[in-house]
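Here is the structure we will look at, set down as structure tokens.
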Amino acid sequence: MYNIVIFGAPGCGKGTQSAKLIDRYGLTHISTGEVLRKEIADGTELGKLADSYISKGHLIPDSLMCEILAARIDSLLPSSKGFIFDGFPRTITQAEELKKMLDSRGQHLNAVVGLEVPDEELTERLINRGKISGRADDKSETIANRLEVYHNTTKPLRDFYINEGLYNPVDGTGDIDKIFSSITNIIDR
Ligand code: AMP
């Protein structure tokens, strides 16, 4: 199996590049944001709880998020050639838990791809996406919170994965196909 984390700030292109990676490598995509949005759309108890965090741009608590992810991994593992983790981990605790989760299932991470995009461009992309996505968290106050949470809580993972020897930075600006080919170069290596 080949397992990767696609890492970066909100709006850096994780979803776009994940879709292309699924096509190319047949990997199984796990987007924690999508899992939570589905729960919200279905009106489940978990969805209601998740919405109270997401709509403010806050993170769902680590213990709950890790439980959701473990269940998702277990349901998909038997038929998977490998996972693309998109939007997880977002905290050091989640990264440590992911390592344990994979380890206990005889798996490990092969690479972390970090899509690097300046804040001004992220904000512009998220505002534009909000006009078409209808996502409740793509509005300007929530975007500012999400970027702050990214810088304070999620960005330290970059150093975490550099120390693990797994981090591969990719310039996430410019042409989508050019970015994709930088990512495939990393994977094919
Ligand atoms: P995303 O689609 O990845 O941008 O996620 C949308 C929102 O879902 C985030 O702003 C968080 O509120 C929540 N979320 C998604 N993934 C996680 C995670 N790994 N840990 C905590 N909250 C998350």
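The values are calculated or read from the model by the stated rules, or taken from the named source; none is laboratory data. Note that the structure is a prediction, hence the values are computed from the model and not measured. We place every Cβ from the backbone using ideal geometry, glycine too, and count neighbours over all the protein chains shown. With ligands, DNA and RNA removed, areas are computed over all heavy atoms of the protein, side chains included. Shrake-Rupley method; radii C 1.70, N 1.55, O 1.52, S 1.80 Å.
For the range 4-184, what does the relative contact order come out to in percent, with C-alpha contacts under 8 Å and a separation of six or more?
Details: 225 pairs, mean separation 60.8, N = 181.
Rounded, it is 34 percent for the range 4-184.
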Run the helix sum for the chain: -39,500 (n - 2.57) per DSSP H stretch of 4+ residues, divided by residue count, reported at 222 nm to the nearest 500 deg cm²/dmol. -17000 deg cm²/dmol
The local net charge around Ser52, scoring Lys/Arg +1 and Asp/Glu -1 for residues other than Ser52 whose Cβ lies under 13 Å from its Cβ, equals -2
Give me the one-decimal nm value for the distance between modelled label points at Asp74 and His29, 7 Å along each residue's Cα-to-Cβ direction. 2.6
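Taking a 1.4 Å probe, which of Asp175, Asp51 shows the most accessible area, and what order do the others take after it? Working shown, then result.
Working: Asp175 90, Asp51 60 Å².
Per-residue accessible area, sorted high to low, gives Asp175, Asp51.
Can you classify the range 14-73 as rounded, prolate or oblate using the Cα gyration tensor, where a ≥ b ≥ c are the square roots of its eigenvalues, rounded means a/c under 1.5, and otherwise it's prolate if a/b beats b/c and oblate if not?
Numbers: a/c = 2.16, a/b = 1.85, b/c = 1.17.
Judged from the Cα gyration tensor, the range 14-73 comes out prolate (a/c at least 1.5, a/b above b/c).
Taking the solvent-accessible surface of protein heavy atoms with a 1.4 Å probe, what is the per residue accessible area of the chain in Å²? Before the final figure, lay out the partial values.
Values: 9320 Å² over 189 residues.
Computed with neighbouring chains in place, this is 49 Å² per residue.
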Karplus couplings for the range 80-88 from phi (6.51 cos²θ - 1.76 cosθ + 1.60, θ = phi - 60°), rounded to Hz, Gly and Pro as x? 9, 8, x, 10, 10, 8, 10, x, 9
Where nothing but the Cβ of Lys and Arg (+1) and of Asp and Glu (-1) is charged, how large is the charge dipole of the range 4-184 around its Cα centre, in debye to the nearest 20? 320
For Leu49 and Ile186, what is the calculated FRET efficiency with R₀ set at 41 Å and r taken between the beta-carbons, to the nearest 0.05? 0.70
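If you take the square roots of the eigenvalues of the alpha-carbon gyration tensor of the range 89-159 and sort them as a ≥ b ≥ c, do you get rounded (a/c under 1.5), prolate (a/b over b/c) or oblate? Spell out each step's value before the answer.
Details: a/c = 2.44, a/b = 2.20, b/c = 1.11.
Verdict is prolate for the range 89-159.
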Between Lys81 and Ile176, Cβ-based FRET efficiency (R0 30 Å, step 0.05) works out to 0.80
Listed residues Pro78, Pro61, Pro89, most fluctuating in the chain (Gaussian network, C-alpha, under 10 Å): Pro78
Considering only lysines 8 or more places apart in sequence, or on different chains, count the pairs in the range 4-184 whose C-alpha atoms sit under 19 Å apart. 15
State the answer as a single residue: which of Ser63, Ser75, Gly114 lies farthest towards the positive end of the charge dipole of the chain, with beta carbon charges of +1 for Lys and Arg and -1 for Asp and Glu, about the Cα centre. Ser75
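If you average 1/r over all unlike Cα pairs in the chain and invert the result, what Kirkwood radius do you get in angstrom? Please list the in-between numbers first.
Values: mean 1/r = 0.0593 Å⁻¹.
About 16.9 Å, per the Kirkwood formula over Cα pairs.
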